[in-house]
Amino acid sequence: MRRASTRTRSSFSPGRPLSERESFRQSLSHGLGSFASVALLGLVTSVVIARIYGVEVIGQFAIATAPVAAVTYLSTAQEQAALIRELTTLSSRAPRVTGLFAAVFAFSCTLSAVVGAIVLGVVAWLFNGPIDRPELVWPAVAQMAGYVFVTNTCWNCDSVLAAFRQGRALFWIRLVQALTFFAIAVVAGIVSNTVWGLVLATVGSWTVGLAFRTRALRRIMRFRVPREEIRAGFRTLPGLIRFGIRAAPGTLVGGVSAESGTWILGVTSPIASVGAWDRARQLAGRLREGTIRMNEMLLPTLVERRDADRDGHDRALVDSARYAAAGLLLFAAVGGGAARGVMGVFGPRFDEGATALALLLVVEALVAVAAVFVSTLYAADKPLVTTAANVAAMAVTVGAGIPLALRLGVTGPALAALAGQFVLIGVMLPYVARELVAPLRVVWPVRCLVSILAAYGAGFAGARIVDDWLRGPAGALAALGVGAIAYLVALVATGGLLARDRQRISAGIDLIRGRPASS
(Lines give C-alpha, C1' and ligand atoms only; values in the text may rest on other atoms or scores of the structure.)
Protein backbone atom coordinates (compact mmCIF):
# COMPACT_ATOMS: atom_id res chain seq x y z
CA MET A 1 0.00 0.00 0.00
CA ARG A 2 1.35 3.44 -0.90
CA ARG A 3 2.71 5.64 1.83
CA ALA A 4 0.65 8.68 2.74
CA SER A 5 3.43 11.13 1.96
CA THR A 6 3.64 10.24 -1.73
CA ARG A 7 0.72 12.46 -2.72
CA THR A 8 -1.03 15.54 -1.51
CA ARG A 9 -4.68 16.26 -0.92
CA SER A 10 -5.49 18.65 -3.68
CA SER A 11 -9.16 18.24 -2.92
CA PHE A 12 -8.67 20.40 0.15
CA SER A 13 -5.91 22.77 -0.73
CA PRO A 14 -4.18 22.46 -4.09
CA GLY A 15 -0.59 21.34 -3.82
CA ARG A 16 -0.39 20.79 -0.06
CA PRO A 17 -2.08 18.88 2.78
CA LEU A 18 -4.35 20.50 5.31
CA SER A 19 -2.50 22.55 7.90
CA GLU A 20 -2.17 21.14 11.40
CA ARG A 21 -4.63 23.72 12.72
CA GLU A 22 -7.17 22.89 10.00
CA SER A 23 -6.78 19.13 10.53
CA PHE A 24 -7.13 19.34 14.30
CA ARG A 25 -10.01 21.79 14.09
CA GLN A 26 -11.90 19.52 11.69
CA SER A 27 -11.40 16.44 13.89
CA LEU A 28 -12.43 18.22 17.08
CA SER A 29 -15.27 20.29 15.62
CA HIS A 30 -16.72 17.28 13.80
CA GLY A 31 -16.71 15.29 17.04
CA LEU A 32 -18.11 18.09 19.17
CA GLY A 33 -20.68 19.11 16.58
CA SER A 34 -21.96 15.56 16.16
CA PHE A 35 -22.16 15.08 19.91
CA ALA A 36 -23.79 18.43 20.63
CA SER A 37 -26.54 17.83 18.11
CA VAL A 38 -27.07 14.22 17.12
CA ALA A 39 -26.05 12.69 20.46
CA LEU A 40 -27.98 15.16 22.59
CA LEU A 41 -30.98 14.80 20.30
CA GLY A 42 -30.66 11.06 20.80
CA LEU A 43 -30.71 11.58 24.55
CA VAL A 44 -33.99 13.47 24.36
CA THR A 45 -35.55 11.00 21.94
CA SER A 46 -34.48 8.01 24.03
CA VAL A 47 -36.38 9.42 27.02
CA VAL A 48 -39.50 10.09 24.97
CA ILE A 49 -39.38 6.70 23.28
CA ALA A 50 -38.84 4.90 26.59
CA ARG A 51 -41.89 6.69 27.99
CA ILE A 52 -44.00 5.73 24.97
CA TYR A 53 -42.96 2.08 24.61
CA GLY A 54 -42.08 1.09 28.20
CA VAL A 55 -39.40 -1.17 29.59
CA GLU A 56 -40.80 -4.44 28.19
CA VAL A 57 -40.84 -3.32 24.54
CA ILE A 58 -37.44 -1.67 24.91
CA GLY A 59 -36.10 -4.99 26.18
CA GLN A 60 -37.65 -6.84 23.23
CA PHE A 61 -36.10 -4.38 20.78
CA ALA A 62 -32.69 -4.81 22.41
CA ILE A 63 -32.86 -8.58 21.90
CA ALA A 64 -34.18 -8.27 18.32
CA THR A 65 -31.37 -5.86 17.46
CA ALA A 66 -28.59 -7.91 19.06
CA PRO A 67 -28.15 -10.18 15.98
CA VAL A 68 -27.55 -7.15 13.77
CA ALA A 69 -25.00 -5.83 16.22
CA ALA A 70 -23.24 -9.19 16.05
CA VAL A 71 -23.20 -9.17 12.24
CA THR A 72 -21.67 -5.69 12.12
CA TYR A 73 -18.60 -7.17 13.77
CA LEU A 74 -18.66 -10.64 12.18
CA SER A 75 -18.99 -9.31 8.62
CA THR A 76 -16.10 -6.87 8.56
CA ALA A 77 -12.57 -7.31 7.31
CA GLN A 78 -11.93 -3.67 8.23
CA GLU A 79 -12.07 -3.01 4.51
CA GLN A 80 -13.57 0.43 5.13
CA ALA A 81 -10.64 1.53 7.31
CA ALA A 82 -8.29 0.24 4.62
CA LEU A 83 -10.29 2.19 2.03
CA ILE A 84 -9.94 5.41 4.03
CA ARG A 85 -6.17 4.89 4.23
CA GLU A 86 -6.01 4.51 0.45
CA LEU A 87 -8.34 7.39 -0.42
CA THR A 88 -6.41 9.77 1.83
CA THR A 89 -3.67 9.86 -0.80
CA LEU A 90 -6.05 10.77 -3.66
CA SER A 91 -7.87 13.84 -4.92
CA SER A 92 -11.63 14.05 -4.91
CA ARG A 93 -13.41 12.99 -8.11
CA ALA A 94 -10.34 11.10 -9.28
CA PRO A 95 -11.53 8.06 -11.29
CA ARG A 96 -9.55 5.79 -8.97
CA VAL A 97 -11.83 6.82 -6.08
CA THR A 98 -14.83 5.28 -7.83
CA GLY A 99 -12.93 2.13 -8.71
CA LEU A 100 -11.79 1.56 -5.14
CA PHE A 101 -15.25 2.30 -3.75
CA ALA A 102 -16.93 -0.12 -6.17
CA ALA A 103 -14.54 -2.94 -5.23
CA VAL A 104 -14.86 -2.42 -1.48
CA PHE A 105 -18.63 -1.95 -1.68
CA ALA A 106 -19.11 -5.20 -3.62
CA PHE A 107 -16.94 -7.12 -1.14
CA SER A 108 -18.66 -5.57 1.88
CA CYS A 109 -22.19 -6.26 0.66
CA THR A 110 -21.43 -9.86 -0.26
CA LEU A 111 -19.77 -10.57 3.08
CA SER A 112 -22.61 -8.92 5.04
CA ALA A 113 -25.28 -10.89 3.17
CA VAL A 114 -23.53 -14.25 3.70
CA VAL A 115 -22.79 -13.67 7.39
CA GLY A 116 -26.27 -12.22 7.97
CA ALA A 117 -27.94 -15.34 6.56
CA ILE A 118 -25.81 -17.60 8.78
CA VAL A 119 -26.50 -15.52 11.89
CA LEU A 120 -30.25 -15.55 11.22
CA GLY A 121 -30.18 -19.35 11.20
CA VAL A 122 -28.50 -19.35 14.59
CA VAL A 123 -30.90 -16.68 15.87
CA ALA A 124 -33.94 -18.72 14.86
CA TRP A 125 -32.61 -21.58 16.99
CA LEU A 126 -31.68 -19.36 19.95
CA PHE A 127 -34.96 -17.42 19.98
CA ASN A 128 -36.98 -20.64 19.77
CA GLY A 129 -34.70 -22.37 22.30
CA PRO A 130 -32.46 -21.01 25.08
CA ILE A 131 -33.65 -17.39 24.90
CA ASP A 132 -37.29 -18.46 24.38
CA ARG A 133 -38.45 -15.40 22.42
CA PRO A 134 -39.99 -16.86 19.23
CA GLU A 135 -42.10 -13.73 18.68
CA LEU A 136 -38.89 -11.76 18.05
CA VAL A 137 -37.63 -13.87 15.13
CA TRP A 138 -39.34 -11.82 12.41
CA PRO A 139 -38.42 -8.43 13.92
CA ALA A 140 -34.81 -9.70 13.94
CA VAL A 141 -35.13 -10.76 10.28
CA ALA A 142 -36.45 -7.31 9.32
CA GLN A 143 -33.62 -5.62 11.20
CA MET A 144 -31.07 -7.84 9.47
CA ALA A 145 -32.46 -7.11 6.01
CA GLY A 146 -32.31 -3.39 6.74
CA TYR A 147 -28.70 -3.69 7.83
CA VAL A 148 -27.51 -5.74 4.85
CA PHE A 149 -29.18 -3.66 2.15
CA VAL A 150 -29.35 -0.16 3.65
CA THR A 151 -27.21 0.43 6.75
CA ASN A 152 -24.11 -1.30 5.39
CA THR A 153 -24.42 0.74 2.18
CA CYS A 154 -24.56 3.92 4.25
CA TRP A 155 -21.40 2.96 6.12
CA ASN A 156 -19.54 2.41 2.86
CA CYS A 157 -20.62 5.85 1.69
CA ASP A 158 -19.48 7.32 5.01
CA SER A 159 -15.99 5.90 4.44
CA VAL A 160 -15.58 7.98 1.29
CA LEU A 161 -17.07 11.09 2.88
CA ALA A 162 -14.81 10.71 5.92
CA ALA A 163 -11.68 10.13 3.81
CA PHE A 164 -12.29 13.48 2.12
CA ARG A 165 -13.28 15.00 5.47
CA GLN A 166 -16.80 15.95 4.54
CA GLY A 167 -17.61 16.53 8.18
CA ARG A 168 -20.27 19.16 7.54
CA ALA A 169 -22.17 16.95 5.12
CA LEU A 170 -22.02 13.97 7.49
CA PHE A 171 -23.23 16.15 10.35
CA TRP A 172 -26.40 17.25 8.52
CA ILE A 173 -27.08 13.78 7.12
CA ARG A 174 -26.95 12.21 10.58
CA LEU A 175 -29.04 14.96 12.11
CA VAL A 176 -31.79 14.42 9.53
CA GLN A 177 -31.54 10.68 10.09
CA ALA A 178 -31.91 11.07 13.87
CA LEU A 179 -34.95 13.32 13.44
CA THR A 180 -36.49 10.83 11.01
CA PHE A 181 -36.04 7.98 13.49
CA PHE A 182 -37.69 10.01 16.24
CA ALA A 183 -40.67 11.00 14.08
CA ILE A 184 -41.35 7.47 12.84
CA ALA A 185 -40.87 5.93 16.30
CA VAL A 186 -43.28 8.36 17.96
CA VAL A 187 -46.01 7.95 15.35
CA ALA A 188 -45.63 4.16 15.28
CA GLY A 189 -45.62 4.01 19.08
CA ILE A 190 -48.85 5.97 19.29
CA VAL A 191 -50.54 3.86 16.61
CA SER A 192 -49.26 0.46 17.73
CA ASN A 193 -47.10 0.15 20.83
CA THR A 194 -45.02 -2.87 19.74
CA VAL A 195 -41.43 -3.65 18.87
CA TRP A 196 -42.31 -3.26 15.19
CA GLY A 197 -42.56 0.50 15.63
CA LEU A 198 -38.89 0.71 16.59
CA VAL A 199 -37.90 -1.67 13.80
CA LEU A 200 -39.71 0.49 11.25
CA ALA A 201 -38.11 3.64 12.65
CA THR A 202 -34.62 2.12 12.42
CA VAL A 203 -34.86 0.87 8.85
CA GLY A 204 -36.80 3.93 7.67
CA SER A 205 -34.34 6.45 9.09
CA TRP A 206 -31.35 4.69 7.51
CA THR A 207 -33.18 4.63 4.17
CA VAL A 208 -33.67 8.39 4.32
CA GLY A 209 -30.03 8.78 5.32
CA LEU A 210 -28.93 6.74 2.29
CA ALA A 211 -30.69 9.13 -0.08
CA PHE A 212 -28.84 12.11 1.39
CA ARG A 213 -25.50 10.26 1.41
CA THR A 214 -25.85 9.45 -2.29
CA ARG A 215 -26.38 13.11 -3.03
CA ALA A 216 -23.34 14.14 -0.96
CA LEU A 217 -21.14 11.58 -2.73
CA ARG A 218 -21.76 13.18 -6.11
CA ARG A 219 -19.67 16.19 -5.08
CA ILE A 220 -16.53 14.17 -4.38
CA MET A 221 -16.87 10.97 -6.42
CA ARG A 222 -17.78 10.27 -10.02
CA PHE A 223 -20.57 7.77 -10.50
CA ARG A 224 -19.40 6.84 -14.01
CA VAL A 225 -15.81 5.98 -14.85
CA PRO A 226 -14.13 3.77 -17.48
CA ARG A 227 -14.37 0.06 -16.82
CA GLU A 228 -10.61 -0.13 -16.52
CA GLU A 229 -10.83 1.97 -13.33
CA ILE A 230 -13.30 -0.49 -11.86
CA ARG A 231 -11.05 -3.40 -12.78
CA ALA A 232 -8.09 -1.56 -11.27
CA GLY A 233 -10.09 -1.12 -8.06
CA PHE A 234 -10.75 -4.84 -7.85
CA ARG A 235 -7.06 -5.54 -8.48
CA THR A 236 -6.26 -3.32 -5.47
CA LEU A 237 -8.90 -5.00 -3.30
CA PRO A 238 -6.69 -7.93 -2.16
CA GLY A 239 -4.15 -5.47 -0.76
CA LEU A 240 -6.88 -3.65 1.16
CA ILE A 241 -8.22 -6.93 2.48
CA ARG A 242 -4.76 -8.01 3.61
CA PHE A 243 -4.60 -4.93 5.81
CA GLY A 244 -8.14 -5.54 7.01
CA ILE A 245 -7.58 -9.19 7.83
CA ARG A 246 -4.96 -8.19 10.37
CA ALA A 247 -7.37 -5.71 11.98
CA ALA A 248 -10.69 -7.55 11.57
CA PRO A 249 -10.21 -10.11 14.37
CA GLY A 250 -9.75 -7.22 16.79
CA THR A 251 -12.98 -5.63 15.61
CA LEU A 252 -14.76 -8.97 15.87
CA VAL A 253 -13.73 -9.73 19.43
CA GLY A 254 -14.29 -6.08 20.35
CA GLY A 255 -17.83 -6.48 19.11
CA VAL A 256 -18.30 -9.62 21.16
CA SER A 257 -17.20 -7.66 24.20
CA ALA A 258 -19.49 -4.73 23.42
CA GLU A 259 -22.59 -6.86 22.84
CA SER A 260 -21.97 -9.54 25.45
CA GLY A 261 -23.95 -7.75 28.16
CA THR A 262 -27.22 -7.93 26.22
CA TRP A 263 -26.79 -11.62 25.41
CA ILE A 264 -25.73 -12.53 28.95
CA LEU A 265 -28.64 -10.70 30.55
CA GLY A 266 -31.02 -12.04 27.89
CA VAL A 267 -30.29 -15.56 29.16
CA THR A 268 -29.83 -14.88 32.88
CA SER A 269 -32.29 -12.07 33.69
CA PRO A 270 -35.93 -11.01 33.20
CA ILE A 271 -36.85 -8.96 30.12
CA ALA A 272 -37.32 -5.85 32.28
CA SER A 273 -33.68 -6.08 33.38
CA VAL A 274 -32.64 -6.24 29.72
CA GLY A 275 -34.71 -3.13 29.10
CA ALA A 276 -33.04 -1.26 31.97
CA TRP A 277 -29.61 -2.38 30.72
CA ASP A 278 -30.45 -1.28 27.18
CA ARG A 279 -31.45 2.23 28.24
CA ALA A 280 -28.33 2.59 30.39
CA ARG A 281 -26.15 1.33 27.55
CA GLN A 282 -27.91 3.45 24.96
CA LEU A 283 -27.65 6.55 27.14
CA ALA A 284 -23.93 6.02 27.71
CA GLY A 285 -23.53 5.13 24.04
CA ARG A 286 -24.67 8.61 23.03
CA LEU A 287 -21.23 9.78 24.08
CA ARG A 288 -19.72 7.49 21.46
CA GLU A 289 -21.21 9.60 18.68
CA GLY A 290 -18.59 12.29 19.19
CA THR A 291 -15.83 9.68 19.56
CA ILE A 292 -16.64 7.98 16.28
CA ARG A 293 -16.99 11.23 14.36
CA MET A 294 -13.75 12.66 15.73
CA ASN A 295 -11.88 9.55 14.64
CA GLU A 296 -13.42 9.73 11.17
CA MET A 297 -11.40 12.90 10.68
CA LEU A 298 -8.43 11.81 12.83
CA LEU A 299 -7.42 8.69 10.89
CA PRO A 300 -6.76 10.47 7.55
CA THR A 301 -4.97 13.23 9.47
CA LEU A 302 -2.62 10.74 11.15
CA VAL A 303 -1.99 8.91 7.87
CA GLU A 304 -1.21 12.20 6.15
CA ARG A 305 1.15 13.50 8.85
CA ARG A 306 2.90 10.33 9.90
CA ASP A 307 5.79 10.90 7.46
CA ALA A 308 5.39 14.57 6.57
CA ASP A 309 5.05 16.16 10.03
CA ARG A 310 5.79 13.92 13.01
CA ASP A 311 5.41 16.69 15.58
CA GLY A 312 1.97 17.51 14.17
CA HIS A 313 1.14 13.80 14.15
CA ASP A 314 2.04 13.54 17.84
CA ARG A 315 0.04 16.60 18.85
CA ALA A 316 -3.01 15.36 16.93
CA LEU A 317 -2.72 11.97 18.62
CA VAL A 318 -2.13 13.09 22.19
CA ASP A 319 -4.44 16.08 22.24
CA SER A 320 -7.28 14.08 20.69
CA ALA A 321 -6.90 11.50 23.45
CA ARG A 322 -6.63 14.19 26.16
CA TYR A 323 -9.67 16.12 25.00
CA ALA A 324 -11.73 12.97 24.52
CA ALA A 325 -10.89 11.77 28.04
CA ALA A 326 -11.47 15.14 29.71
CA GLY A 327 -14.66 15.87 27.82
CA LEU A 328 -16.30 12.49 28.25
CA LEU A 329 -15.29 12.14 31.89
CA LEU A 330 -17.21 15.36 32.50
CA PHE A 331 -20.37 13.58 31.36
CA ALA A 332 -19.35 10.43 33.21
CA ALA A 333 -18.92 12.39 36.43
CA VAL A 334 -22.22 14.27 36.34
CA GLY A 335 -24.21 11.43 34.78
CA GLY A 336 -22.77 8.86 37.16
CA GLY A 337 -23.37 11.01 40.22
CA ALA A 338 -26.96 11.67 39.19
CA ALA A 339 -27.52 8.17 37.75
CA ARG A 340 -30.53 7.32 39.91
CA GLY A 341 -32.34 10.50 39.01
CA VAL A 342 -31.41 10.22 35.34
CA MET A 343 -32.62 6.64 34.97
CA GLY A 344 -35.79 7.55 36.81
CA VAL A 345 -36.63 9.98 34.00
CA PHE A 346 -37.15 7.05 31.62
CA GLY A 347 -40.04 5.74 33.69
CA PRO A 348 -40.87 2.94 36.12
CA ARG A 349 -38.37 0.10 36.65
CA PHE A 350 -35.56 1.70 34.63
CA ASP A 351 -33.74 2.73 37.82
CA GLU A 352 -32.40 -0.83 38.09
CA GLY A 353 -29.74 0.26 35.62
CA ALA A 354 -28.49 3.28 37.62
CA THR A 355 -25.20 1.76 38.80
CA ALA A 356 -24.63 0.25 35.38
CA LEU A 357 -25.08 3.71 33.84
CA ALA A 358 -22.44 5.21 36.14
CA LEU A 359 -19.95 2.52 35.13
CA LEU A 360 -20.80 2.57 31.41
CA LEU A 361 -20.27 6.33 31.22
CA VAL A 362 -16.69 5.80 32.40
CA VAL A 363 -16.37 2.97 29.90
CA GLU A 364 -17.25 5.39 27.10
CA ALA A 365 -14.49 7.77 28.15
CA LEU A 366 -12.02 4.90 27.99
CA VAL A 367 -13.45 3.79 24.64
CA ALA A 368 -12.69 7.27 23.28
CA VAL A 369 -9.04 7.03 24.31
CA ALA A 370 -8.79 3.49 22.95
CA ALA A 371 -10.29 4.63 19.62
CA VAL A 372 -7.55 7.25 19.24
CA PHE A 373 -4.96 4.55 19.94
CA VAL A 374 -6.54 2.28 17.33
CA SER A 375 -6.43 5.06 14.70
CA THR A 376 -2.77 5.63 15.56
CA LEU A 377 -1.87 1.98 15.10
CA TYR A 378 -3.89 1.77 11.87
CA ALA A 379 -2.00 4.77 10.51
CA ALA A 380 1.27 3.06 11.51
CA ASP A 381 0.17 -0.15 9.71
CA LYS A 382 0.13 -2.11 12.97
CA PRO A 383 -3.43 -3.49 13.11
CA LEU A 384 -2.27 -6.77 14.67
CA VAL A 385 -1.59 -4.91 17.92
CA THR A 386 -5.21 -3.80 18.08
CA THR A 387 -6.29 -7.38 17.48
CA ALA A 388 -4.18 -8.69 20.34
CA ALA A 389 -5.44 -5.94 22.64
CA ASN A 390 -9.07 -6.68 21.82
CA VAL A 391 -8.62 -10.40 22.41
CA ALA A 392 -7.22 -9.71 25.87
CA ALA A 393 -10.05 -7.27 26.61
CA MET A 394 -12.71 -9.72 25.43
CA ALA A 395 -11.36 -12.45 27.69
CA VAL A 396 -11.85 -10.17 30.67
CA THR A 397 -15.19 -8.68 29.59
CA VAL A 398 -16.93 -11.95 28.74
CA GLY A 399 -15.11 -14.11 31.26
CA ALA A 400 -15.99 -11.82 34.14
CA GLY A 401 -19.35 -10.71 32.72
CA ILE A 402 -21.15 -14.04 33.17
CA PRO A 403 -20.43 -14.62 36.89
CA LEU A 404 -20.84 -10.93 37.67
CA ALA A 405 -24.24 -10.86 35.93
CA LEU A 406 -25.40 -13.87 37.94
CA ARG A 407 -24.28 -12.18 41.14
CA LEU A 408 -24.96 -8.46 40.52
CA GLY A 409 -27.59 -8.46 37.78
CA VAL A 410 -27.48 -5.46 35.41
CA THR A 411 -24.42 -4.01 37.16
CA GLY A 412 -22.30 -7.09 36.45
CA PRO A 413 -21.72 -6.71 32.69
CA ALA A 414 -20.99 -3.00 33.14
CA LEU A 415 -18.30 -3.74 35.71
CA ALA A 416 -16.79 -6.36 33.40
CA ALA A 417 -16.82 -3.88 30.48
CA LEU A 418 -14.92 -1.35 32.59
CA ALA A 419 -12.23 -3.90 33.43
CA GLY A 420 -11.99 -4.90 29.77
CA GLN A 421 -11.37 -1.31 28.64
CA PHE A 422 -8.50 -0.91 31.08
CA VAL A 423 -6.93 -4.05 29.64
CA LEU A 424 -7.48 -2.82 26.06
CA ILE A 425 -5.74 0.49 26.68
CA GLY A 426 -2.99 -1.12 28.74
CA VAL A 427 -2.00 -3.49 25.94
CA MET A 428 -1.95 -0.77 23.23
CA LEU A 429 -0.28 1.97 25.27
CA PRO A 430 3.37 0.83 24.92
CA TYR A 431 3.02 0.51 21.14
CA VAL A 432 1.34 3.88 20.80
CA ALA A 433 4.08 5.49 22.92
CA ARG A 434 6.67 4.18 20.44
CA GLU A 435 4.96 6.13 17.66
CA LEU A 436 5.70 9.42 19.43
CA VAL A 437 8.81 11.48 18.78
CA ALA A 438 8.90 12.76 22.38
CA PRO A 439 8.23 10.60 25.47
CA LEU A 440 4.55 10.29 26.36
CA ARG A 441 5.11 11.90 29.78
CA VAL A 442 6.35 15.05 27.98
CA VAL A 443 3.45 15.48 25.54
CA TRP A 444 0.88 14.30 28.10
CA PRO A 445 2.17 15.39 31.53
CA VAL A 446 1.18 13.29 34.52
CA ARG A 447 -0.33 16.36 36.20
CA CYS A 448 -2.89 16.58 33.38
CA LEU A 449 -4.02 13.02 34.00
CA VAL A 450 -4.18 13.58 37.76
CA SER A 451 -6.16 16.77 37.17
CA ILE A 452 -8.74 14.95 35.04
CA LEU A 453 -9.18 12.26 37.70
CA ALA A 454 -9.53 14.89 40.44
CA ALA A 455 -12.12 16.73 38.34
CA TYR A 456 -14.05 13.49 37.85
CA GLY A 457 -14.15 12.91 41.60
CA ALA A 458 -15.35 16.46 42.29
CA GLY A 459 -18.02 16.32 39.60
CA PHE A 460 -19.30 12.92 40.70
CA ALA A 461 -19.47 13.95 44.35
CA GLY A 462 -21.25 17.21 43.58
CA ALA A 463 -23.85 15.51 41.39
CA ARG A 464 -24.42 12.66 43.85
CA ILE A 465 -24.99 15.02 46.82
CA VAL A 466 -27.62 17.00 44.94
CA ASP A 467 -29.22 13.86 43.48
CA ASP A 468 -29.62 12.40 46.97
CA TRP A 469 -31.01 15.68 48.29
CA LEU A 470 -33.46 16.51 45.49
CA ARG A 471 -35.52 13.76 43.86
CA GLY A 472 -37.33 13.71 40.54
CA PRO A 473 -36.48 15.25 37.13
CA ALA A 474 -35.80 18.67 38.66
CA GLY A 475 -33.34 17.14 41.12
CA ALA A 476 -31.57 15.24 38.34
CA LEU A 477 -31.24 18.43 36.30
CA ALA A 478 -29.88 20.36 39.27
CA ALA A 479 -27.43 17.54 40.04
CA LEU A 480 -26.10 17.63 36.49
CA GLY A 481 -25.54 21.38 36.67
CA VAL A 482 -23.80 21.33 40.05
CA GLY A 483 -21.65 18.38 39.04
CA ALA A 484 -20.56 20.09 35.80
CA ILE A 485 -19.52 23.25 37.66
CA ALA A 486 -17.58 21.24 40.24
CA TYR A 487 -15.82 19.28 37.48
CA LEU A 488 -14.74 22.36 35.51
CA VAL A 489 -13.59 24.27 38.58
CA ALA A 490 -11.52 21.32 39.77
CA LEU A 491 -10.01 20.78 36.30
CA VAL A 492 -8.81 24.37 36.05
CA ALA A 493 -7.76 24.66 39.71
CA THR A 494 -5.58 21.55 39.55
CA GLY A 495 -3.70 22.66 36.42
CA GLY A 496 -5.42 20.49 33.84
CA LEU A 497 -4.99 23.02 31.00
CA LEU A 498 -1.72 23.32 29.09
CA ALA A 499 -0.55 26.48 27.34
CA ARG A 500 -1.71 25.20 23.93
CA ASP A 501 -5.13 24.42 25.43
CA ARG A 502 -5.53 28.01 26.58
CA GLN A 503 -4.46 29.25 23.17
CA ARG A 504 -7.07 27.09 21.46
CA ILE A 505 -9.77 28.22 23.88
CA SER A 506 -8.83 31.84 23.19
CA ALA A 507 -8.92 31.22 19.43
CA GLY A 508 -12.33 29.58 19.76
CA ILE A 509 -13.69 32.55 21.69
CA ASP A 510 -12.33 34.90 19.03
CA LEU A 511 -14.00 32.80 16.35
CA ILE A 512 -17.35 32.95 18.13
CA ARG A 513 -17.00 36.72 18.46
CA GLY A 514 -16.19 37.04 14.78
CA ARG A 515 -12.57 38.01 15.25
CA PRO A 516 -9.75 36.52 13.17
CA ALA A 517 -7.82 33.88 15.14
CA SER A 518 -4.30 34.76 16.00
CA SER A 519 -1.65 32.58 14.42
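Values computed for the structure shown
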read-out: Gly475, sole failed condition from (1) surrounded by fewer than 18 Cβ atoms within 10 Å (Cβ to Cβ); (2) at pLDDT below 90; value: (1)
read-out: Contacts under 6 angstrom Cβ, first residue in the range 207-225 being closer than 18 Å to Gly99 by Cα, partner open to solvent by less than 50 Å² (accessible area, probe 1.4 Å) and in a loop (DSSP other than H, G, I, E, B), 6 or more apart; value: Ile220/Ser92; Ile220/Phe164
read-out: Matching option when the condition is open to solvent by less than 10 Å² (accessible area, probe 1.4 Å), modelled with pLDDT of 85 or more, among the small types (Gly, Ala, Ser) and more than 22 Å from the chain's Cα centre (by Cα), among Ala333, Ala338; value: Ala338
read-out: Positions within the range 92-124 being surrounded by fewer than 16 Cβ atoms within 10 Å (Cβ to Cβ) and either in contact with an Asp or Glu (Cβ under 8 Å, 6 or more places away or on another chain) or not in a helix (DSSP H, G or I) (or both), in sequence order; value: Arg93
read-out: Residue among Gly266, Gly255, Gly275 that alone is buried (at least 18 other Cβ atoms within 10 Å of the Cβ), small (Gly, Ala, Ser) and touching a Ser or Thr at 6+ places or on another chain (Cβ under 9 Å); value: Gly255
read-out: Pairs with Cβ under 6 Å, 6+ apart, first in the range 442-467 and under 15 Å from Ala493 (Cα atoms), second surrounded by fewer than 21 Cβ atoms within 10 Å (Cβ to Cβ); value: Arg447/Gly495; Ser451/Thr494; Ser451/Gly495; Ala454/Thr494
read-out: So Gly261, is it open to solvent by less than 10 Å² (accessible area, probe 1.4 Å), touching a Ser or Thr at 6+ places or on another chain (Cβ under 7 Å) and closer than 19 Å to Ala393 by Cα; value: no
read-out: Complete set of residues in the range 373-387 that are open to solvent by 10 Å² or more (accessible area, probe 1.4 Å), at pLDDT 90 or above and more than 17 Å from the chain's Cα centre (by Cα); value: Val385
read-out: Options Ala486, Ala455; residue that is at pLDDT 95 or above and more than 30 Å from Gly347 (Cα to Cα); value: Ala455
read-out: Residues of the range 343-372 that turn out to be under 30 Å from Asp307 (Cβ atoms) and open to solvent by 10 Å² or more (accessible area, probe 1.4 Å), as a count; value: 4
read-out: Complete set of residues in the range 171-228 that are outside any helix (DSSP H, G or I), within 30 Å of Ser91 (Cα to Cα) and open to solvent by 70 Å² or more (accessible area, probe 1.4 Å); value: Arg218, Arg219, Arg222, Phe223, Arg224, Pro226
read-out: Count of the range 387-404 residues which are closer than 14 Å to Leu360 by Cβ and of a type in the set (A, V, I, L, M, F, W, C); value: 1
read-out: Residue that is nearest to Tyr487 (Cα to Cα) [pool: residues in the range 285-316 that are among the hydrophobic types (A, V, I, L, M, F, W, C) and within 17 Å of the chain's Cα centre (by Cα)]; value: Leu287
read-out: Residues satisfying the stated conditions in the range 273-315, i.e. at pLDDT 80 or above and touching a Phe, Trp or Tyr at 6+ places or on another chain (Cβ under 6 Å); value: Ala276, Arg279
read-out: Those residues of the range 276-306 which are over 21 Å from Pro430 (Cα atoms), assigned to a helix (DSSP H, G or I) and of a type in the set (D, E, K, R), in sequence order; value: Asp278, Arg279, Arg281, Arg288, Glu289, Arg293, Glu296, Glu304
read-out: Residue check for Val141: over 26 Å from Val208 (Cβ atoms), not in a loop (DSSP other than H, G, I, E, B) and not acidic (Asp, Glu); value: no
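Here is a yes/no grid of residues against (1) assigned to a helix (DSSP H, G or I); (2) open to solvent by less than 60 Å² (accessible area, probe 1.4 Å):
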{"site": "Gln421", "(1), (2)": "yes, yes"}
{"site": "Met428", "(1), (2)": "yes, yes"}
{"site": "Val437", "(1), (2)": "no, no"}
{"site": "Ala463", "(1), (2)": "yes, yes"}
{"site": "Ile485", "(1), (2)": "yes, no"}
{"site": "Val489", "(1), (2)": "yes, no"}
{"site": "Gly496", "(1), (2)": "no, yes"}
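The values are calculated or read from the model by the stated rules, or taken from the named source; none is laboratory data. Computed from a predicted model, the values in this text were never measured in an experiment. Quick reminder, even Gly has a Cβ in these numbers, built from the backbone with ideal geometry, and neighbours come from all protein chains shown. Please note that ligands, DNA and RNA were not included when accessible areas were found on the heavy atoms of the full protein model with its side chains. Shrake-Rupley method; radii C 1.70, N 1.55, O 1.52, S 1.80 Å.
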